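Here's the structure we're looking at; comments come further down.
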Amino acid sequence: LPLSFEENRGQTDANVRFLSHGQGYRVFVTATETVLVLRQPSPTVLRMKLIGANPAAPSARSEKLPGKVNYFIGNDPARWHHDVPTYAKVETKSVYPGVDMIHRGHQRQPVLRVQPSEGAGQCAQPHGEHRRRQESGGSVS
(Lines give C-alpha, C1' and ligand atoms only; values in the text may rest on other atoms or scores of the structure.)
Protein backbone atom coordinates (compact mmCIF):
# COMPACT_ATOMS: atom_id res chain seq x y z
CA LEU A 1 0.00 0.00 0.00
CA PRO A 2 1.21 3.54 -0.67
CA LEU A 3 1.77 5.91 2.21
CA SER A 4 -1.41 7.86 2.92
CA PHE A 5 -2.49 10.73 5.14
CA GLU A 6 -5.82 10.96 6.89
CA GLU A 7 -7.55 14.01 8.27
CA ASN A 8 -7.78 14.13 12.07
CA ARG A 9 -11.43 13.74 12.98
CA GLY A 10 -10.80 13.16 16.67
CA GLN A 11 -8.73 9.99 16.49
CA THR A 12 -5.69 11.82 17.97
CA ASP A 13 -4.71 15.11 19.66
CA ALA A 14 -6.74 18.13 18.49
CA ASN A 15 -3.57 20.04 17.41
CA VAL A 16 -2.90 17.39 14.76
CA ARG A 17 -4.39 18.20 11.37
CA PHE A 18 -3.32 15.05 9.51
CA LEU A 19 -1.68 11.76 10.45
CA SER A 20 -0.11 8.80 8.72
CA HIS A 21 0.78 5.28 9.81
CA GLY A 22 3.52 3.17 8.34
CA GLN A 23 5.48 0.09 9.21
CA GLY A 24 7.49 1.09 12.27
CA TYR A 25 6.43 4.76 12.39
CA ARG A 26 3.65 7.32 12.70
CA VAL A 27 3.60 10.88 11.35
CA PHE A 28 1.57 13.73 12.86
CA VAL A 29 1.20 17.03 10.97
CA THR A 30 0.23 20.30 12.67
CA ALA A 31 0.29 23.81 11.21
CA THR A 32 3.92 24.38 12.20
CA GLU A 33 5.34 21.00 13.13
CA THR A 34 5.84 17.47 11.84
CA VAL A 35 6.26 14.77 14.46
CA LEU A 36 7.74 11.42 13.46
CA VAL A 37 7.35 8.62 16.01
CA LEU A 38 9.63 5.65 15.37
CA ARG A 39 8.60 2.46 17.14
CA GLN A 40 11.74 0.37 16.64
CA PRO A 41 14.02 -0.57 18.36
CA SER A 42 12.49 1.58 21.13
CA PRO A 43 10.01 4.43 20.79
CA THR A 44 11.77 7.56 19.52
CA VAL A 45 10.14 10.93 18.76
CA LEU A 46 11.60 13.33 16.21
CA ARG A 47 10.02 16.81 16.08
CA MET A 48 10.60 19.14 13.14
CA LYS A 49 9.23 22.54 14.13
CA LEU A 50 9.17 25.57 11.85
CA ILE A 51 10.17 28.35 14.26
CA GLY A 52 8.11 31.49 13.78
CA ALA A 53 5.81 29.82 11.24
CA ASN A 54 2.19 30.90 10.81
CA PRO A 55 0.06 28.76 13.17
CA ALA A 56 -3.07 29.74 11.20
CA ALA A 57 -1.66 28.61 7.84
CA PRO A 58 -4.34 26.65 5.99
CA SER A 59 -3.75 22.97 5.27
CA ALA A 60 -5.25 21.22 2.27
CA ARG A 61 -5.36 17.60 1.30
CA SER A 62 -4.98 16.46 -2.28
CA GLU A 63 -4.70 13.36 -4.43
CA LYS A 64 -7.51 11.42 -2.78
CA LEU A 65 -6.80 7.69 -2.51
CA PRO A 66 -9.38 4.91 -2.82
CA GLY A 67 -8.93 3.59 0.74
CA LYS A 68 -10.75 4.69 3.88
CA VAL A 69 -9.83 4.23 7.54
CA ASN A 70 -12.10 3.19 10.40
CA TYR A 71 -11.54 3.58 14.16
CA PHE A 72 -13.80 1.67 16.50
CA ILE A 73 -12.40 2.67 19.88
CA GLY A 74 -14.05 0.98 22.85
CA ASN A 75 -17.77 0.40 23.21
CA ASP A 76 -18.82 4.06 22.84
CA PRO A 77 -20.00 4.82 19.28
CA ALA A 78 -19.35 8.54 19.95
CA ARG A 79 -15.61 7.72 19.88
CA TRP A 80 -15.83 5.79 16.62
CA HIS A 81 -14.63 7.35 13.37
CA HIS A 82 -15.57 5.63 10.15
CA ASP A 83 -14.99 6.20 6.44
CA VAL A 84 -12.11 8.61 7.09
CA PRO A 85 -10.75 9.38 3.61
CA THR A 86 -7.05 9.02 2.78
CA TYR A 87 -4.85 11.28 0.66
CA ALA A 88 -1.45 11.01 -0.98
CA LYS A 89 -0.45 14.59 -0.20
CA VAL A 90 -1.02 17.29 2.42
CA GLU A 91 -0.02 20.91 1.74
CA THR A 92 0.18 23.69 4.29
CA LYS A 93 0.21 27.00 2.44
CA SER A 94 2.17 30.06 3.54
CA VAL A 95 3.81 28.66 6.67
CA TYR A 96 6.11 31.63 6.07
CA PRO A 97 5.38 34.37 3.52
CA GLY A 98 5.95 32.74 0.14
CA VAL A 99 6.79 29.30 1.63
CA ASP A 100 4.66 26.12 1.65
CA MET A 101 5.16 22.85 3.53
CA ILE A 102 4.27 19.66 1.65
CA HIS A 103 3.98 16.13 3.06
CA ARG A 104 3.79 13.10 0.80
CA GLY A 105 5.12 9.59 0.54
CA HIS A 106 7.84 8.10 -1.59
CA GLN A 107 8.20 4.33 -1.71
CA ARG A 108 6.09 4.02 1.45
CA GLN A 109 8.30 6.46 3.37
CA PRO A 110 7.22 9.95 4.53
CA VAL A 111 8.73 12.96 2.77
CA LEU A 112 8.58 16.55 4.08
CA ARG A 113 9.30 19.33 1.63
CA VAL A 114 9.47 23.05 2.39
CA GLN A 115 9.42 25.05 -0.84
CA PRO A 116 8.54 28.44 -2.32
CA SER A 117 4.83 28.98 -2.88
CA GLU A 118 3.59 28.85 -6.45
CA GLY A 119 4.19 32.25 -7.99
CA ALA A 120 6.40 33.42 -5.12
CA GLY A 121 9.59 35.27 -5.79
CA GLN A 122 12.87 34.41 -4.14
CA CYS A 123 12.23 33.56 -0.48
CA ALA A 124 15.66 33.81 1.03
CA GLN A 125 19.09 34.97 0.00
CA PRO A 126 22.07 32.96 1.29
CA HIS A 127 24.67 35.08 3.05
CA GLY A 128 27.85 34.90 5.06
CA GLU A 129 29.99 31.76 5.02
CA HIS A 130 27.12 29.69 3.63
CA ARG A 131 26.77 31.71 0.44
CA ARG A 132 26.92 29.60 -2.69
CA ARG A 133 27.81 30.76 -6.16
CA GLN A 134 25.51 29.76 -9.01
CA GLU A 135 27.18 29.25 -12.34
CA SER A 136 25.53 30.39 -15.57
CA GLY A 137 24.74 26.75 -16.43
CA GLY A 138 22.69 26.35 -13.25
CA SER A 139 25.17 24.37 -11.14
CA VAL A 140 25.90 25.53 -7.62
CA SER A 141 29.40 25.61 -6.20
Which net charge results when you count Lys and Arg as +1 and Asp and Glu as -1 among the other residues whose beta-carbon is under 15 Å from that of Met101? +4
Residues whose modelled amide H sits under 5 Å from the amide H of Leu65, counting only those 5 or more places away in sequence or on another chain, are Thr86, Tyr87, Ala88
Work out from phi, with θ = phi - 60° and the Karplus expression 6.51 cos²θ - 1.76 cosθ + 1.60, the ³J(HN,Hα) of each residue of region 96-104, listed in order in whole Hz, and give x for Gly and Pro. 10, x, x, 10, 10, 10, 10, 10, 7
Considering only protein heavy atoms, what per residue accessible area in square angstrom results for region 12-55 with a 1.4 angstrom probe? 61
Rounded to the nearest 10 Å², what accessible area does Asp76 have for a 1.4 Å probe in the complete protein model? 70
Which sequence of Ile102, Ile51, Ile73 reflects their accessible areas, 1.4 Å probe, from the largest down? Ile51, Ile73, Ile102
Surface accessible to a 1.4 Å probe, Ser4 within the full protein complex, Å²: 30
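Just the accessible area per residue of region 66-108, please: how many Å² with a 1.4 Å probe? If you can, show how the numbers build up before the last one.
Details: 2530 Å² over 43 residues.
The answer is 59 Å² per residue.
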Read phi for every residue in region 6-13 and hand back ³J(HN,Hα) as whole Hz from Karplus 6.51 cos²θ - 1.76 cosθ + 1.60, θ = phi - 60°, with x for Gly and Pro. 10, 6, 6, 10, x, 7, 8, 3
Counting only protein heavy atoms, what percent of the accessible surface of region 1-95 is carbon or sulfur at a 1.4 Å probe? 54
Amide H contacts of Asn8 (H built 1.01 Å from N, under 5 Å, at least 5 apart or other chain): Phe18, Leu19
Can you tell me how much longer the chain between Ala78 and Lys49 gets when fully stretched, taken as 0.36 nm per residue apart minus their C-alpha distance, in nm with one decimal? 7.2 nm
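The values are calculated or read from the model by the stated rules, or taken from the named source; none is laboratory data. It should be emphasised that the depicted structure is a prediction, and the values quoted were computed from it without experimental measurement. Cβ sites come from the backbone with ideal geometry, for glycine too, and all protein chains shown count toward neighbours. Side chains included, ligands, DNA and RNA excluded: accessible areas come from the protein's heavy atoms. Shrake-Rupley method; radii C 1.70, N 1.55, O 1.52, S 1.80 Å.
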